[in-house]
Amino acid sequence: MSAPLLAVANATKRFGAVVALDDVSLDVGAGEFFALLGPSGCGKTTLMRCIAGFETPDSGRLTLNGDDLAGVPPYRRPVNMMFQSYALFPHLDVFENVAFGLRRKGEAQEAIRARVNELLEMTQLTPYGSRQINALSGGQRQRVALARALAPRPKLLLLDEPLGALDRKLREETQFQLKEIQRRTNTSFVIVTHDQDEALALADRIAVMRAGRVEQIASPVDIYERPATRFVAGFVGETNFIDGRIARDGGGARLVTSFGNLARDHCPLAEDARATLSLRPERIGVSREGEGLSGVVEDFVFRGENTLLRVRLAPDVVLRVLAHEARYAIGDVVRLQIAPDAGVLFGEEA
Ligand code: ATP
C-alpha cells in the first residue's frame, strides 16, 4: 500500500477508570472506505472524535499525510464529520445547508454555487435546493448531510452510523449511493457502525473493535472467512461454536466432541488441547440420507431464498444449518456433513 493518509499509532484514551481506547493502531489509505465495527461501548466513537480533533488521546500519535495532528484544532484538519443526527440547520434551505462550510471558508460566490450544484447533482437533490429541511424525508436529509460534509472537499470524511436513522429498505439503496459517492469524490471515508452487514457491504477494510482494542483489521471477505479471534467470528455473521478437544494421530487431527469426531485439516493445536470450531451455517452440508452426522430438525425459519434449520445432534448441541430447499419439517432425521477444512478452529486463548 502507498503511504497511508491517516495513521493512528498506539492511541490510548481513558475516561476515569474506563479505558475507551487501549493501544489502538491503524492506517487508512487515500480513497479508502474504512469501517470501525464493534458493539456499543467498544470505543469507536472515541476513536472517531480523536481523529476529528474533538478529543485528545492520552498517549499515542495521529498523523494525516505524515503531519502530526497533536494540537491541531478540528476546523484546521482536512477532516469533516457527518453526525448520526445529521445536525442540519433547520432555518436554512437545502442549498444553504450544503453551502455552509464553503461560506465559512470565505470562498467566492461563483465557486460556492458551482460546488453546491455539483454536490446536489451527486446526491440527487437538484430539485430540492430551495426546500426547507423540515419539508424533507429522512433519506433526503441524510443526503443533505452528506453533501454538506463533502462540500469543502475534506481529505477524510468521518461518518457516525450514517444509515442508522433509515428503515431497512432505504438503508440498502443508500448503501449503493454512499459507495458510489465515495468512489466519485475519491475521499477517504471512515464509518462507525455496530451493524456488521453494513460494514461488510460498504468497506474496503474493517477494523473490528472490542473493549477499546482492535481485534482484527482486514477485508470484509477475510473478516468473514478467516476471523482472527472467537469474538470476531461471533460478532460478524452467523456462526456455530462447537467445543471439543484435539486428538492427534500420525499427521492427522480430530476435534473430539460430545456428538462424535470431526476430522480437521491443518490443525496447529497440540494433543488434548481444548478448542472451539467456528462453523458458518452455510458451510455445513445437509441431506436426508447418506454419509454424515445424524441429527433431528428441531425448528426452521423459511427465509425465501433459503431455510435456516436448527438441527439437534446431541442433548447439548444444536447447530444452525443453511438448506437451499424448503422441504424439511420438524422432527425430520437428517445427515450433516462437515468438511475437514470447513470453519476456523480456535485454541483456548483466542
Ligand atoms: P456506541 O456504539 O454506543 O456509541 P462506542 O463504541 O462508540 O459505543 P464510545 O462512545 O467510544 O463507544 O465509548 C467507549 C467507552 O468510553 C464507554 O465505556 C463510554 O461510556 C466511555 N466514554 C466515552 N466518552 C466518555 C466521556 N466523555 N466521559 C466518560 N466516559 C466516556
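The values are calculated or read from the model by the stated rules, or taken from the named source; none is laboratory data. Computed from a predicted structure; not experimentally measured. All Cβ positions, even for glycine, are placed from backbone atoms using ideal geometry, and neighbour counts span all protein chains on display. To get the accessible areas, we keep the full protein, side chains included, count just its heavy atoms, and leave off ligands, DNA and RNA. Shrake-Rupley method; radii C 1.70, N 1.55, O 1.52, S 1.80 Å.
For the range 147-180, a residue qualifies if it is at pLDDT 95 or above, touching a Ser or Thr at 6+ places or on another chain (Cβ under 9 Å) and part of a helix (DSSP H, G or I), and the qualifying residues are Ala147, Leu150.
Every condition in (1) free of Cβ contacts under 8 Å to residues at least 60 places away in the same chain; (2) open to solvent by 70 Å² or more (accessible area, probe 1.4 Å) is met by Asp93 except one, and the failing one is (2). Residues in the range 336-349 that are open to solvent by 80 Å² or more (accessible area, probe 1.4 Å) and within 20 Å of Arg288 (Cβ to Cβ): 0 in all.
Within the range 76-85, identify whether any single residue is within 13 Å of the ligand (Cβ to nearest atom), of a type in the set (Ser, Thr, Tyr), open to solvent by 10 Å² or more (accessible area, probe 1.4 Å) and under 25 Å from Thr193 (Cα atoms), and answer yes or no. Checking the range 76-85: at least one residue is within 13 Å of the ligand (Cβ to nearest atom), of a type in the set (Ser, Thr, Tyr), open to solvent by 10 Å² or more (accessible area, probe 1.4 Å) and under 25 Å from Thr193 (Cα atoms).
When you check Gly60 against the structure, is it open to solvent by 30 Å² or more (accessible area, probe 1.4 Å) and assigned to a strand (DSSP E or B), yes or no? Steps first, please.
Values: open to solvent by 30 Å² or more (accessible area, probe 1.4 Å): yes; assigned to a strand (DSSP E or B): yes.
Yes; evaluated as a whole, the condition is true for this residue.
In the set (1) modelled with pLDDT of 95 or more; (2) away from the ligand (no atom under 16 Å from the Cβ), Ala108 fails one condition alone, (1).
Hey, can you tell me all the residues within the range 198-228 that are acidic (Asp, Glu) and either in a loop (DSSP other than H, G, I, E, B) or farther than 20 Å from Asp22 by Cβ (or both)?
Glu198, Asp204, Asp222, Glu225
Note down all Cβ pairs under 8 Å where the first residue falls in the range 100-114 and is without any contact (Cβ under 8 Å) to a residue 12 or more places away in the chain, the second is basic (Lys, Arg) and surrounded by 13 or more Cβ atoms within 10 Å (Cβ to Cβ), and they're at least six residues apart or on different chains. Every condition considered, the pairs that remain are Glu107/Arg115.
If you go through the range 307-325 and keep only what is loosely packed, with under 13 Cβ neighbours inside 10 Å and more than 16 Å from Phe241 (Cβ to Cβ), you end up with Pro315, His324, Glu325.
Selection within the range 159-178: residues that are under 21 Å from Gly237 (Cα atoms) and touching a residue at least 40 places away in the same chain (Cβ under 8 Å). The member of this set that is surrounded by the fewest Cβ atoms within 10 Å (Cβ to Cβ) is Gly164. Which of the residues belonging to the range 25-68 are within 10 Å of the ligand (Cβ to nearest atom) and of a type in the set (Gly, Ala, Ser)? The answer is Gly38, Ser40, Gly41, Gly43.
Once the range 116-145 is narrowed to residues that are of a type in the set (Gly, Ala, Ser) and part of a loop (DSSP other than H, G, I, E, B), the residue that is modelled with the lowest pLDDT is Ser137. Taking every residue in the range 303-316 that is of a type in the set (Gly, Ala, Ser) and pairing it with any residue that is surrounded by 15 or more Cβ atoms within 10 Å (Cβ to Cβ), at least 6 positions away or on another chain, the pairs with Cβ-Cβ distances below 6 Å are Ala314/Phe259.
Within the range 232-257, the set of residues being among the hydrophobic types (A, V, I, L, M, F, W, C), out of contact with any Ser or Thr (no Cβ under 7 Å at 6 or more places or on another chain) and open to solvent by 20 Å² or more (accessible area, probe 1.4 Å) comprises Phe235, Val256.
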